[in-house]
Structure formats: structure tokens, C-alpha cells
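The values are calculated or read from the model by the stated rules, or taken from the named source; none is laboratory data. Since the structure is predicted, the reported quantities are computational estimates derived from the model, not experimental observations. All Cβ positions, glycine included, derive from the backbone under ideal geometry; neighbour counts span all protein chains shown.
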Amino acid sequence: MTRIHINASTPYDVVIEAGSLQRIADYIKPLKPNCSVIIVSDSNVAPHYLNLVKTNMINAGYSVCDYVFTAGESSKKRPPTH
């Protein structure tokens with residue numbers, strides 16, 4: 001396993017390990033016990049990983065919602081406010 005520390009405004013670690021998505025709850029549980037979570041993904045990534053992650057989180061006792069937005073730059077732009 002490789003762990004990379006990201007020094008952002010709220011620091012966090014990135015874990016790189018084969019099979020880590022099957023054990024995602026093992027990484028999250030020490031940080032945040034069972035609670036409501038939302039998984040946010042884009043339409044390119046979600047078909048590959050969303051169900052796996054969501055199922056593992058639910059099986060670990062989390063209440064899970066998901067939101068999938070359309071992939072691409074246009075989805076990243078906030079509409080102008082007037």
C-alpha cells in the first residue's frame with residue numbers, strides 16, 4: 001500500500017492499493033463511524049465504480065446516497081448569478 005499525504009486547507013491522505021475499493025469502509029470507519037454519506041461521481045467514472053463502492057458502504061452500515069453529474073467541463077461551471 002502506498003499512502004500519499006495531501007497538504008491542503010484540510011489535509012488528507014490518498015491510499016493507493018489494489019483492491020482498495022472493495023475495502024473502502026475499512027479506510028473510512030476509523031475516520032467517520034456509520035452515518036449518512038453521499039458519493040459524488042461523473043458519468044464516466046460512475047458506471048465503473050459507483051455500485052461497488054455504494055454496496056460496500058451500505059454493507060458496512062452506512063446510509064448512502066449518490067449523485068452522478070454529466071462528465072465534461074460544462075458540468076464544472078456554475079451558472080452566472082444576477
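Couple of notes before you dig in:
- Residues of the stretch 36-45 include none that is surrounded by fewer than 11 Cβ atoms within 10 Å (Cβ to Cβ), more than 13 Å from the chain's Cα centre (by Cα) and outside any strand (DSSP E or B).
- Residue within the stretch 51-64 that is among the small types (Gly, Ala, Ser) and at positive phi present: yes
- Scanning the stretch 22-35 for residues that are more than 19 Å from residue 67 (Cβ to Cβ) and either at pLDDT 90 or above or under 12 Å from the mean Cα position of the chain (by Cα) (or both) yields 22, 23, 25, 26, 27, 29, 30, 33, 34.
- Residues of the stretch 46-66 that turn out to be surrounded by 11 or more Cβ atoms within 10 Å (Cβ to Cβ) and part of a strand (DSSP E or B), as a count: 3
- Meets criteria (surrounded by 11 or more Cβ atoms within 10 Å (Cβ to Cβ), out of contact with any helix residue (DSSP H, G or I) (no Cβ under 6 Å at 6 or more places or on another chain) and not small (Gly, Ala, Ser)) for residue 12: no
- The single condition among (1) in a loop (DSSP other than H, G, I, E, B); (2) in contact (Cβ under 8 Å) with a residue 24 or more places away in the chain; (3) under 20 Å from residue 13 (Cβ atoms); (4) not basic (Lys, Arg) that residue 33 does not satisfy is (2).
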